[in-house]
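Quick note: the coordinates plus some simple rules give every number you see, no bench work behind them. For clarity, every value in this text was computed on a predicted model and none was experimentally measured. Glycine also receives a Cβ, built like all others from the backbone with ideal geometry; neighbour counts cover every protein chain displayed.
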Amino acid sequence: SKNWVKYGYHKSWDLAIFQLRLFGGILLNSYLMLLLCVISGSGVAADKDPFTSVKEYSLKGNIHKASEELLKIEDRKLTPRDQAYKYFSLGVLYQEMESWSEARNFLLKGLELDDDLLIHTNYQLAKIYKAQRNWKEALDYYNKVYKVRAPRNIQLDTRFDISQILMEKRQWKEAYPHLIYLERNWRGEEHHPEVLWRLIRVELKRHRKWKA
């Protein structure tokens, strides 16, 4: 799975395994495509895994109940890294529920516990600000992702979102290089038609009809 690589490419195997244990294959957003959980693959027995109930509610699509169960898990029963992943995952769950302030606070708390989540957290925070149409903050966080060696899929997704924000701000010239890069690297992918449409619009706005 290309989305699995978003974790593995960055060597965050523990995060990938944690998400498998926790969500059991639920598609939470375009960033978190999680595979069907195989408990034995994580090295944790089902009867000893503190995230079992969370996984069960996630499998049923009950995000609210899953988040409630996740909050019940005591930090003292988790390793420091699992604590960080717990709060990161809470941030994603609350983001899905559009509880933006709570999502942001959980993500930042997770980051305080383990900076291995830095790229992933900045990406999620950018998504939150974008959803709120706070272009300045969204661009600040997207640029933090864009300027480091993030996994390829995150880099491409980031460029895609940056281009949208720049177009919203009518910064056609600045949006153009992101779109050109995406057009070359996303051929055959789901969002390629949207990239072409954006390129046409940008060229027309730049009065370069011969390019469009």
| field | Charged-residue dipole, Cβ positions (Lys, Arg, Asp, Glu), the range 57-179 about Cα centre, Debye nearest 20 | value | 380
| request: Which order do the peptides 173-180, 128-135, 117-124 take when ranked by the mean count of other beta-carbon atoms within 10 Å per residue, highest first? | output: 117-124, 173-180, 128-135
| task | Using the Karplus curve 6.51 cos²θ - 1.76 cosθ + 1.60 with θ = phi - 60°, work out ³J(HN,Hα) for each residue of the range 91-99 in order, rounded to whole Hz, and write x for Gly and Pro. | result | x, 5, 4, 5, 5, 5, 8, 6, 9
| field | In Hz, Karplus ³J(HN,Hα) per residue of the range 140-155 (6.51, -1.76, 1.60; θ = phi - 60°; x = Gly, Pro) | value | 4, 6, 4, 5, 5, 6, 5, 8, 10, 7, 7, x, 3, 5, 5, 4
| Relative to the present Cα-Cα distance, how much length would full extension add between Glu190 and Asp115 at 0.36 nm per residue of separation? | 23.8 nm
| query | Can you give the convex hull volume per residue for the Cα atoms of the range 64-135, as a whole number of Å³? | reply | 70
| query | For the range 89-212, max minus min Cα coordinate along each principal axis, in Å, sorted largest first? | reply | 52, 25, 23
| task | Compute the distance in nm between two label points, each set 7 Å from the Cα along the Cα-to-Cβ direction, one at Glu183 and one at Glu74. | result | 5.9
| query | Share of Cα-Cα pairs in the range 142-212 beyond 20 Å, in percent? | reply | 25
| Taking the alpha-carbon set of the range 38-158, what are its Rg and Dmax in Å? | 15.2, 46
